[in-house]
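Since the structure comes first, as structure tokens, the remarks are kept for the end.
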Amino acid sequence: MSAASAIEAEPMSPSSPEAAAADAVEWTVNPWRERARESWVAAIAALALCTAVARFQAGAVLTLALSLAAVGALAPLLSPSRCRVDDDGVARRGPFGWQRRQWSELRRATVGARAVLLSPYATAHWLDTYRGLVLPLPRDGRAEIVETLRRHLDRRGL
């Protein structure tokens, strides 16, 4: 089974619900397999940050909260992500649950070599990384995923 699993169906009209379901694609990206060096650096950085926070001796609750924030900021490099693109929109599941965006919420898409940025802003904006949704792309099956994603983006003028 490939990294990208699309539902196979016989050819249909592009506007039928069956065609939309056939155009759905899901994939999983494990950063420890895709970018092992960066994941190790993130793990070491998380450990260093947690150690530094613990040395402040600011109390157990504050130490725990700050440590969770530090690890949470590095979570995309530490835990696998499951992504889905379908007729309803796009979604990404990480360690803290699902992030979803409907197509109507999105104004711009940027397809890069390692990821796709889907943004609610029509032009580049400093809040893209916070309000947008970044879908990491796996090495294996990347071309198939990008092709399906481009069909969805073209249909919506993104």
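The values are calculated or read from the model by the stated rules, or taken from the named source; none is laboratory data. Note that the structure is a prediction, hence the values are computed from the model and not measured. Glycine also receives a Cβ, built like all others from the backbone with ideal geometry; neighbour counts cover every protein chain displayed.
Could you pull out the residue among R142, R93, R84, R108 that is within 12 Å of the chain's Cα centre (by Cα) and farther than 30 Å from A48 by Cα?
Checking each option against the conditions leaves just R84.
Tally up the residues in region 126-158 that are more than 20 Å from G94 (Cβ to Cβ) and of a type in the set (F, W, Y), please.
Qualifying residue count for the region: 1.
What do you reckon, is V71 more than 14 Å from the chain's Cα centre (by Cα), within 30 Å of I44 (Cα to Cα) and hydrophobic (A, V, I, L, M, F, W, C)?
Yes.
Considering region 105-135 alone, what residues qualify as being within 16 Å of R82 (Cα to Cα) and either in contact with a helix residue (DSSP H, G or I) (Cβ under 7 Å, 6 or more places away or on another chain) or of a type in the set (A, V, I, L, M, F, W, C) (or both)?
Within region 105-135, A115, V116, L117, L118, L133, V134, L135 qualify.
Of the residues in region 46-91, how many are in contact with a Lys or Arg (Cβ under 7 Å, 6 or more places away or on another chain) and among the small types (G, A, S)?
Result for region 46-91: 3.
Restricting to region 112-145, name every residue that is crowded, with 19+ Cβ neighbours inside 10 Å and in a strand (DSSP E or B).
Within region 112-145, V116, L118, S119, L133, V134, L135, P136 qualify.
Checking the conditions here, which among C83, C50 is at pLDDT 90 or above and touching a strand residue (DSSP E or B) at 6+ places or on another chain (Cβ under 9 Å)?
C83
Anything in region 102-158 that is at positive phi and either touching a residue at least 12 places away in the same chain (Cβ under 8 Å) or touching a His at 6+ places or on another chain (Cβ under 7 Å) (or both)? List them, or say none.
Residue satisfying the conditions is G141 alone.
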